[in-house]
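Beneath this line is the structure, given in structure tokens, with notes to follow.
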Amino acid sequence: MSKTEHNYWLDVTIFVAFLITTITGFTLWFVIPHKLEFLFLGFPRSGWIAAHICFAGLGLAGIVTHIARHWGWLKALRGRPLSGMPEKLRANRIVDRIMWFSFIATNGFGAIAWALQSGGEIYMVRVPDRLHGLFGVGCTILMVVHLGLHWRWIVSTTRRRIHFKATE
């Protein structure tokens, strides 16, 4: 499997984990907020939380792997001033930096919020819960922008993968 194909399937895995994490997060926030006995689509709140945490962990592992695989590119750009970069590369760098900060904050505040709730029977919304949600929404928006910046690569690589599979 080529490096491009490895990156493609890693990115698909990250996208699926991101999508499920986002869906479960918004479900927990808007559909079944803070009701421990409430069932939604046959699953209790604890099941939704478990899915949210598991897929967030999968996404985290995928993103760390993604960054490790792109480390050479990131290292090469580190010393270059933003003003000397082409516009699209500069936009990508800025979005990536802000998204990385937002991603770290989302995961950090999510872990703190989860730790504060562990073992407690009464659910209270605390500052870390609110910050987890705030940074999570920001991170989601930035990931959509990131996908938009890479849209040509996504479409062309997906077409090659689908075409390749169809001709086997």
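Some points to look at:
- Considering the stretch 1-40, the residues that are within 23 Å of Trp114 (Cα to Cα) and part of a loop (DSSP other than H, G, I, E, B) include one that is modelled with the highest pLDDT, namely Ile32.
- Comparison of Thr13, Thr21 shows that the only residue that is farther than 21 Å from Ser156 by Cα and open to solvent by less than 80 Å² (accessible area, probe 1.4 Å) is Thr21.
- Close pairs (6 angstrom Cβ cut-off, 6 or more residues apart or separate chains): within 19 Å of Arg126 (Cα to Cα) in the stretch 9-33, open to solvent by less than 50 Å² (accessible area, probe 1.4 Å) and of a type in the set (Lys, Arg) anywhere: Ile32/Arg45
Conditions tested, residue by residue: (1) under 19 Å from His132 (Cβ atoms); (2) open to solvent by 60 Å² or more (accessible area, probe 1.4 Å).
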{"residue": "Ser46", "(1), (2)": "yes, yes"}
{"residue": "Ala51", "(1), (2)": "yes, no"}
{"residue": "Ala56", "(1), (2)": "yes, no"}
{"residue": "His66", "(1), (2)": "no, no"}
{"residue": "Trp73", "(1), (2)": "no, yes"}
{"residue": "Arg80", "(1), (2)": "no, yes"}
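The values are calculated or read from the model by the stated rules, or taken from the named source; none is laboratory data. Quick caveat: nothing in here was measured; it's all calculated off a predicted structure. Methodologically, a virtual Cβ is constructed for each residue, glycine included, from the backbone with ideal geometry; neighbour enumeration extends over all protein chains shown. Areas reflect the complete protein model, heavy atoms only, side chains present, ligands, DNA and RNA absent. Shrake-Rupley method; radii C 1.70, N 1.55, O 1.52, S 1.80 Å.
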